[in-house]
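**Q** This is the structure, below, for whatever I ask next.
Just so it is clear, none of the values below were taken in a lab; they were calculated from the coordinates. Since this is a predicted model, take the numbers as computed values, not measurements. Neighbour counts are summed over all protein chains in view; Cβ atoms, including those assigned to glycine, are modelled from backbone coordinates with ideal geometry.
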There are 2 protein chains.
Amino acid sequence: LEKIILASKSPRRCELLQNIGLEFEIIPDDSPEIFRENLSPEELCMAIAKDKGDNVYRDNNLNEELVISADTIVVIDGTVLGKPKDRKDAVRMIKLLSGREHSVFTALYIRKGEITSLTSTETKVRFKELTEEEILWYVSTGECDDKAGAYGIQNLGSLLIEGINGDYFNVVGLPICTLGNILKSKFNFVFNTKTEV
Amino acid sequence: LEKIILASKSPRRCELLQNIGLEFEIIPDDSPEIFRENLSPEELCMAIAKDKGDNVYRDNNLNEELVISADTIVVIDGTVLGKPKDRKDAVRMIKLLSGREHSVFTALYIRKGEITSLTSTETKVRFKELTEEEILWYVSTGECDDKAGAYGIQNLGSLLIEGINGDYFNVVGLPICTLGNILKSKFNFVFNTKTEV
């Protein structure tokens with residue numbers, strides 16, 4: 001049986017993998033991020049995902065384990081929106097997203113020994129036009145606090161988002177359909193979820 | 001304080017309303033569906049949603065409560081895919097959806113006394129091209145059993161779906177952004193979720 005390691009401490013990524021019946025262990029990467037110049041947002045996101053996986057491989061002397069790592073970014077007007085510094089910064093970010101479409105990229109890195117796969121998946125997200133009052137309400141709930149772009153799509157954020165184009169789970173943190181395709185085609189992985197008959 | 005009633009026994013709809021912080025009571029409608037002719041799939045879906053809400057209103061002698069009801073259908077080539085009769089029927093449905101885009105409509109009915117709102121929201125869903133083996137695997141997990149179109153988007157179904165265009169939550173069972181807009185504009189509803197500071 002394949003030993004799978006999720007190199008991420010995101011509870012949302014953990015839940016997504018549980019939803020598709022995977023059994024795995026969590027080993028997050030605690031190395032500081034490497035500073036890189038002259039990379040596009042998407043390239044930087046891919047480099048970070050790869051670093052996380054490779055660091056966990058190296059730091060834990062892994063050999064034949066299958067490691068999954070990822071990095072998700074919110075991009076509008078070519079600029080990356082990271083986690084808000086404070087509530088005021090969160091208001092600024094939500095104002096920027098209001099009434100417009102932006103991109104969410106998730107870079108996915110999978111490694112088993114010397115076999116590796118690195119991809120990036122884009123999902124477009126359309127925010128409804130928000131009033132000042134709605135923005136302040138959303139930020140005051142605190143849901144913005146620890147999230148890239150100052151929103152989460154799953155809970156109260158679902159009230160702000162008119163629609164998306166692409167893989168929903170990619171916005172949550174992992175492009176599940178792509179992940180399944182790569183596991184199968186490149187890592188000969190068989191999904192044998194327990195069937196309940 | 002507004003008393004809200006969800007006229008649906010779908011655990012997924014219940015979870016969606018909990019996610020946006022609503023407090024509500026569940027009173028499902030147990031009346032048999034009325035047979036109707038000469039309606040399009042979308043019109044039929046809207047009529048069913050309205051019936052559910054109105055039946056719960058009538059059967060429970062409601063007066064000033066806010067009732068939310070909904071009906072979700074899967075449509076491909078102008079035909080509605082209901083719940084599969086058996087596993088063989090589920091295989092037929094998934095084959096029909098494989099490699100193509102179909103529509104999911106959720107009709108949403110909200111009523112408070114004589115104020116009513118009835119809308120329909122469409123989301124396009126794209127299935128990846130599935131092999132015979134993948135279809136049989138998915139059906140064998142049983143996830144198809146009690147679901148319109150023989151799939152659920154949330155769990156193992158996420159492996160089959162390349163992407164969507166529109167509101168993700170509409171596919172799960174309620175168009176949350178639209179619901180929020182209607183509650184606010186037509187029913188003067190205020191979202192005052194408990195804030196955790």
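**Q** Once the dipole of segment A:1-41 is set up with Lys and Arg at +1 and Asp and Glu at -1 on Cβ about the Cα centre, which of A:A7, A:L17, A:S31 lies farthest towards its positive end?
**A** A:L17
**Q** Before rounding to the nearest 500, sum -39500 (n - 2.57) across all DSSP H runs of length at least 4 in chain A and divide by the residue total; then give [θ] at 222 nm in deg cm²/dmol.
**A** Calculated at 222 nm, the ellipticity per residue is -10000 deg cm²/dmol.
**Q** To the nearest 20 Debye, how big is the dipole of segment A:55-197 about its Cα centre, given +1 on the beta carbon of each Lys and Arg and -1 on that of each Asp and Glu?
**A** 260
**Q** For label points placed 7 Å from Cα toward Cβ, what is the shortest-first list of nm distances from A:E15 to its copies?
**A** From this label point to the equivalent ones elsewhere in the assembly: 0.9 nm.
**Q** For the residues B:T123, A:T116, B:T141, B:T79, what sequence is obtained by ranking on other C-beta atoms within 10 Å, fewest first?
**A** By the 10 Å Cβ count, ascending: B:T79, A:T116, B:T141, B:T123.
**Q** What residues qualify as long-range amide H neighbours of A:F189, i.e. H under 5 Å apart, gap of 5 or more or another chain, H built at 1.01 Å from N?
**A** Correct list: A:K184.
**Q** Here's something else I'd like to know. When the dipole is taken about the Cα centre of the protein assembly as shown, and only Lys, Arg (+1) and Asp, Glu (-1) are charged at their Cβ, what size is it in debye, to the nearest 20?
**A** With only Lys, Arg, Asp and Glu charged at Cβ, the dipole is about 200 debye.
**Q** Counting only other chains, what is the mean number of Cβ atoms within 10 angstrom of the Cβ of each residue in peptide B:173-184?
**A** 3
**Q** On to the next question. Treating the point 7 Å from Cα along Cα-beta-carbon as the label, what are the nm separations from B:K184 to the other copies, to one decimal?
**A** 4.1
**Q** Also, quick follow-up: Lys/Arg Cβ at +1, Asp/Glu Cβ at -1, dipole of segment B:74-197 taken about the Cα centre: which of B:L160, B:N188, B:I94 is farthest positive-ward?
**A** B:N188
**Q** Still on this model: Would you mind checking segment A:146-182 for residues with the amide N under 13 Å from a putative spin-label position 7 Å along Cα→C-beta of A:K124?
**A** Residues passing the 13 Å test: A:163-167.
**Q** Lysines near B:K147 by alpha-carbon distance under 16 Å, same-chain residues fewer than 8 away left out - which ones?
**A** The qualifying lysines are B:K9, B:K83, B:K85, B:K88, B:K95.
**Q** Then there's this: Highest mean first, how do B:31-40, B:56-65 rank when packing is the count of other Cβ atoms within 10 Å averaged over residues?
**A** The packing order, highest mean first, is B:56-65, B:31-40.
**Q** Taking beta carbons within 10 Å but only from partner chains, what does the mean come to for residues A:148-155?
**A** 2
**Q** Taking a label point 7 Å from Cα toward Cβ, how far is A:N38 from its twins in the other copies, in nm, shortest first?
**A** 7.2
**Q** Using Cα-Cα distances under 8 Å and only pairs 6 or more residues apart, what relative contact order does chain A have, in percent?
**A** 21
**Q** Using the number of other C-beta atoms within 10 angstrom as an exposure proxy, rank A:L179, A:L156 with the fewest first.
**A** The most exposed by this proxy come first: A:L156, A:L179.
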